[in-house]
Amino acid sequence: MSENNIWHGTTIVLIRKDNDVVVAGDGQVSMGNTIIKKTATKVRKIEKRNVIAGFAGSTADALTLFERLEAKLEKHAGNLTRAAVELAKDWRTDKYLRRLEALMAIGDKEKSFIISGTGDVLEPEDNIIAIGSGGNFALAAARVLMDTKLSAEEIAKKSIEVASEICVFTNNNIKIEKI
């Protein structure tokens, strides 16, 4: 695949603070040095299970994984930990799924995880998850802002805004889901 055909996705941040859980994502999708879309939605809420998720990477791949997560949550009666582990296991071992290129940040009222196609299910130590092309910038901003009086939603939004000022693959068209 040539450099111009590499899709750059997004910046996602998940914040847990004061009984709120928020996931925020920017809206930019790029291919090489070209912005393909400015208003993509990369965060979702599973209302029935009170779970939120954000994804970075190929949009079609991420949507497939989101559907699988929803099915795993149904199968395991809303147990996010079990659903995350089972999804990661399938993602790593399934012939079709292991070709999917994405990362997911998921959370419910009790737990948050990063899930990857390599089988990783990682729980953050500091109530912050940041993934995607601008993830490190958003993570740094969120860590600084966690010690302020800002709400989880305000921290998530500001973190994406900071990332959008530094990362060329991130914009400030921010979508937020909260539980």
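The values are calculated or read from the model by the stated rules, or taken from the named source; none is laboratory data. Keep in mind that this is a model prediction, so the values were computed, not measured. Glycine also receives a Cβ, built like all others from the backbone with ideal geometry; neighbour counts cover every protein chain displayed.
The set of residues from the stretch 68-110 being touching a helix residue (DSSP H, G or I) at 6+ places or on another chain (Cβ under 7 Å), more than 12 Å from Val51 (Cβ to Cβ), of a type in the set (A, V, I, L, M) and touching a residue at least 40 places away in the same chain (Cβ under 8 Å) comprises Leu100, Ala102.
For the stretch 74-86, the count of residues that are modelled with pLDDT under 90, closer than 17 Å to Ile115 by Cβ and not small (Gly, Ala, Ser) is zero. Residues in the stretch 52-70 that are under 14 Å from Gly107 (Cα atoms) and in contact with a Gly (Cβ under 7 Å, 6 or more places away or on another chain): Ile52, Gly54. Taken together, the residues in the stretch 144-179 that are under 10 Å from Gly134 (Cα atoms) and assigned to a loop (DSSP other than H, G, I, E, B) amount to 5. Looking for something basic (Lys, Arg) and over 23 Å from Glu110 (Cα atoms) - is there at least one such residue anywhere in the stretch 78-86? No, there is no match, as no residue in the stretch 78-86 is basic (Lys, Arg) and over 23 Å from Glu110 (Cα atoms). For the stretch 99-132, filtered to residues that are at pLDDT below 90 and part of a loop (DSSP other than H, G, I, E, B), the residue that is surrounded by the fewest Cβ atoms within 10 Å (Cβ to Cβ) is Glu125. Tell me, yes or no, whether the stretch 51-72 has at least one residue that is over 14 Å from the mean Cα position of the chain (by Cα), surrounded by 18 or more Cβ atoms within 10 Å (Cβ to Cβ), of a type in the set (A, V, I, L, M) and not in a strand (DSSP E or B). No; the residues of the stretch 51-72 include none that is over 14 Å from the mean Cα position of the chain (by Cα), surrounded by 18 or more Cβ atoms within 10 Å (Cβ to Cβ), of a type in the set (A, V, I, L, M) and not in a strand (DSSP E or B).
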